[in-house]
Amino acid sequence: MSFGSGLSATTSVVLLLLIASLSFLPLSALAAEPKLRFGSNGEFKILQVADMHFADGKSTPCLDVLPSQVKGCSDLNTSAFIHRMILAEKPNLIVFTGDNIYGPDATDAAKSLNAAFAPAIASNIPWAAVLGNHDQESTLSREGVMKHIVGLKNTLSQVNPPEAKSIDGFGNYNLEVGGVKGSSFENKSALNLYFLDSGDYSTVPSIPGYGWIKASQQFWFERTSSKLKQATTPERTCTGACILSYSITRIC
Ligand SMILES: *[C@@H]1O[C@H](CO)[C@@H](O)[C@H](O)[C@H]1NC(C)=O
Ligand SMILES: *[C@@H]1O[C@H](CO)[C@@H](O)[C@H](O)[C@H]1NC(C)=O
C-alpha cells in the first residue's frame, strides 16, 4: 500500500512522545557540538512522516487513489511526494513514526527499508524512525528492522538506550536539541525528543488488538527525564506546559 492512505497519519500504532523541555539542560553527551540544534531564526522544524507502507517499489500499486489514477501509481509516488515535502519544508529533522514498510507486501524488508528512507538519506538532513505494527511482517524481525535502520546513513535512530539494561521493544531513545549557535545556551539541551516503541500486537489473550508501552519503558523515560532535570538551573525549570505534541494513532 502506498500513496493515498499510506501517507495519512492514521495507521501507526507507534507512539511518539515529543516532550519539550525548555529548561536548557546541559547536553549530556554532546558537550561541544550537538547533532541537532535550533536555527538562528529560533526555530526547529520537524517533518513527521507516518505510514509510508512502502513495499516493493514500482511493482506495488497505490491504494485509495481515484480509479483514473491507479495506472502508473506506485510506491515511487510516495518517494516523490516525500522528496517534494523535504524540499518545500527544509526541516531540521525528519521523523518517521511507523509502518515505514508494509511487511505483508514487502518481499525483502532490508530493500524496502532502504528505498523507504531513501528520500531522507538523499536530503542529508538528520532523520529518526520508530516502528509501527507492520514493519516486522516481512523478512526481518522487529529487532532486525530496527538494527537495519540504525545502520543507514544520517539517521539518529537507536535500537535501544545503552544505559537501559532491559527494556521492552525496539526503538526506544531520546534526542537532545541544542540551543541557537552563538547564544548562551548553544551547548545546552533546549528540547528533548523521546521515542518509545508501543509494540505491535497484544500478546495477552484477554486483551485483543495492538500492543502498548510497558512499565520498563515508562521507567526508563522517567529516569532519563529526571536525570536531565537534575541538571536544570532552578529558575528555568520547565512545567507541564512543555509538552509540545503527543500523538497516538491506532487504526489499521
Ligand atoms: C505517480 O507518478 C507518476 C510518474 O511521475 C505520475 O505520472 C503519476 O501522475 C503519479 N500518480 C499520482 C496519483 O500522483
Ligand atoms: C560551547 O562550547 C564551545 C566548544 O567547547 C565553546 O567554545 C563555547 O564557548 C561554549 N559556549 C558557551 C556559551 O558556553
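The values are calculated or read from the model by the stated rules, or taken from the named source; none is laboratory data. Remember, predicted model here, so these are calculated numbers, not experimental data. Ideal geometry is used to build each Cβ from the backbone, glycine not excepted, and the neighbour counts take in all protein chains shown.
Among the residues of the range 114-121, are any aromatic (Phe, Trp, Tyr), in a strand (DSSP E or B) and within 20 Å of Leu156 (Cα to Cα)?
no
Right, Arg236: among the basic types (Lys, Arg) and at pLDDT below 50 or not?
yes
For Leu93, state whether it is at pLDDT 95 or above, within 16 Å of ligand 2 (Cβ to nearest atom), closer than 26 Å to Asp197 by Cβ and in contact with a strand residue (DSSP E or B) (Cβ under 9 Å, 6 or more places away or on another chain).
no
Which residue is nearest to Ser198 (Cα to Cα), if the candidates are limited to the range 71-90 and must be near ligand 1 (Cβ under 8 Å from one of its atoms) and in contact with a strand residue (DSSP E or B) (Cβ under 8 Å, 6 or more places away or on another chain)?
Ser74
Is one or more of the residues making up the range 122-132 free of Cβ contacts under 8 Å to residues at least 40 places away in the same chain and on the phi > 0 side of the Ramachandran plot?
Yes, there is a match, as at least one residue in the range 122-132 is free of Cβ contacts under 8 Å to residues at least 40 places away in the same chain and on the phi > 0 side of the Ramachandran plot.
Do we find that Ser216 is in contact (Cβ under 8 Å) with a residue 24 or more places away in the chain and closer than 29 Å to Pro119 by Cβ in this structure?
Considered against the rule, which asks whether it is in contact (Cβ under 8 Å) with a residue 24 or more places away in the chain and closer than 29 Å to Pro119 by Cβ, Ser216 comes out as no.
Six or more apart or on different chains, Cβ under 6 Å: which pairs go from a residue in the range 32-57 that's under 23 Å from Ser138 (Cβ atoms) to one that's among the acidic types (Asp, Glu) and part of a loop (DSSP other than H, G, I, E, B)? Could you list them?
So the pair list comes out as Asp51/Asp99; His53/Asp99.
Polar (S, T, N, Q), surrounded by fewer than 19 Cβ atoms within 10 Å (Cβ to Cβ), at pLDDT 95 or above and away from ligand 2 (no atom under 16 Å from the Cβ), is that true of Ser68?
Yes.
Condition check: more than 16 Å from ligand 1 (Cβ to nearest atom), touching a strand residue (DSSP E or B) at 6+ places or on another chain (Cβ under 7 Å) and closer than 16 Å to Phe44 by Cβ. Does Leu228 satisfy that?
Numbers: more than 16 Å from ligand 1 (Cβ to nearest atom): yes; touching a strand residue (DSSP E or B) at 6+ places or on another chain (Cβ under 7 Å): yes; closer than 16 Å to Phe44 by Cβ: no.
It is false that Leu228 is more than 16 Å from ligand 1 (Cβ to nearest atom), touching a strand residue (DSSP E or B) at 6+ places or on another chain (Cβ under 7 Å) and closer than 16 Å to Phe44 by Cβ.
Is it the case, given these coordinates, that Val130 is modelled with pLDDT of 95 or more and crowded, with 24+ Cβ neighbours inside 10 Å?
Working: modelled with pLDDT of 95 or more: yes; crowded, with 24+ Cβ neighbours inside 10 Å: yes.
For Val130, the condition - modelled with pLDDT of 95 or more and crowded, with 24+ Cβ neighbours inside 10 Å - is met.
Can you pull out the residues in the range 170-190 that are within 14 Å of ligand 2 (Cβ to nearest atom) and among the small types (Gly, Ala, Ser)?
The answer is Gly178, Gly179, Gly182, Ser183, Ser184, Ser189, Ala190.
What's the total number of residues in the range 186-202 that are closer than 20 Å to Phe38 by Cβ and surrounded by fewer than 20 Cβ atoms within 10 Å (Cβ to Cβ)? Break it down stepwise before answering.
From the range 186-202, those closer than 20 Å to Phe38 by Cβ are 186-195; that's our starting set.
Adding the requirement that they be surrounded by fewer than 20 Cβ atoms within 10 Å (Cβ to Cβ) leaves 186-187, 194.
Number satisfying all stated conditions: 3.
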